[in-house]
């Protein structure tokens, strides 16, 4: 580990306000696509432990559509917006029921926050959303965020929860964004197709060449965010002043490793961008 990376990772233990995004592939059984309750319970234990150590944690959770598929007995990934919205309507309630029940076992209170792109593009509603997050964290609750899939259409969707989590991190002035996915971090190419792809553990600056590495692919039939989405999230997070780490969520102990400064995943270093405007990113101008 180079000195600059070592110093940057050692500072992660001081992060106070943390956004954790976990993808559907990390919350579901690979064979069936159904919710993996053991993984969810471990995630809740880790978040509760972080909160017990004095940190503020916001969880951006995928899995509503997968939970709806499970509840309705459908194994195939939905294709149409109306199917996704119907599954999400059933699954979001089911997912929150699981979160609230398990968080209560650790004496924590979960709060549901559903966002749409139109919420963020309207100045008043964006300001209200920011105040809601601040008040929830002040009250000691753990906000659980998802896109309001039941009312979103293609034109007003964030696109995936990687982008959504970065927008949330920018909105609440988070210190650190952790993306938990089914990959170890950033590679020079898709490691599933190119075994000789080089792993990149530290990114001090996001360049246009780096953005070109993104591929609109994902190896899961329950997720939506490929590497291009994660790089877009890294750009919005780092430009807004938040460090970001992409790591494999197979073992949720990786969160402890990240916070302790271990060399796991890919660390994207925050930097000051005076031209940063959250609205440019939301409007896809960024």
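Report yes if residue 281 is crowded, with 18+ Cβ neighbours inside 10 Å, at pLDDT below 90 and either closer than 30 Å to residue 78 by Cβ or out of contact with any strand residue (DSSP E or B) (no Cβ under 7 Å at 6 or more places or on another chain) (or both), otherwise no.
yes
Scan region 138-166 for residues that are surrounded by fewer than 23 Cβ atoms within 10 Å (Cβ to Cβ), part of a helix (DSSP H, G or I) and modelled with pLDDT under 90 and report the count.
Qualifying residue count, region 138-166: 3.
If you scan region 237-263, which residues turn out to be in contact with a strand residue (DSSP E or B) (Cβ under 9 Å, 6 or more places away or on another chain) and either modelled with pLDDT under 90 or assigned to a helix (DSSP H, G or I) (or both)?
Listed by number, the residues that qualify are 237, 238, 254, 255, 257, 258, 259.
Please specify each residue of region 167-186 satisfying the condition of being closer than 26 Å to residue 33 by Cα and either free of Cβ contacts under 8 Å to residues at least 24 places away in the same chain or surrounded by fewer than 20 Cβ atoms within 10 Å (Cβ to Cβ) (or both).
Passing the criteria: 182, 184.
Name the residue, out of 76, 100, that is touching a strand residue (DSSP E or B) at 6+ places or on another chain (Cβ under 6 Å) and surrounded by fewer than 19 Cβ atoms within 10 Å (Cβ to Cβ).
Just a single option satisfies the conditions, and that option is 100.
Between a first residue in region 53-77 that is touching a residue at least 60 places away in the same chain (Cβ under 8 Å) and a second residue that is surrounded by fewer than 24 Cβ atoms within 10 Å (Cβ to Cβ) and assigned to a loop (DSSP other than H, G, I, E, B), which pairs have beta carbons less than 6 Å apart while being 6 or more apart in sequence or on different chains?
Listed pairs, sorted by first residue: 66/33; 66/222; 77/221.
In region 220-227, is there at least one residue being modelled with pLDDT of 80 or more and in a loop (DSSP other than H, G, I, E, B)?
Within region 220-227 (the criterion being modelled with pLDDT of 80 or more and in a loop (DSSP other than H, G, I, E, B)), the answer is no, since none of the residues qualifies.
The values are calculated or read from the model by the stated rules, or taken from the named source; none is laboratory data. This structure is a prediction, so every number in the text was calculated from the model and none was measured. No Cβ is skipped: glycine too gets one built from the backbone with ideal geometry, and neighbour counts run over all protein chains shown.
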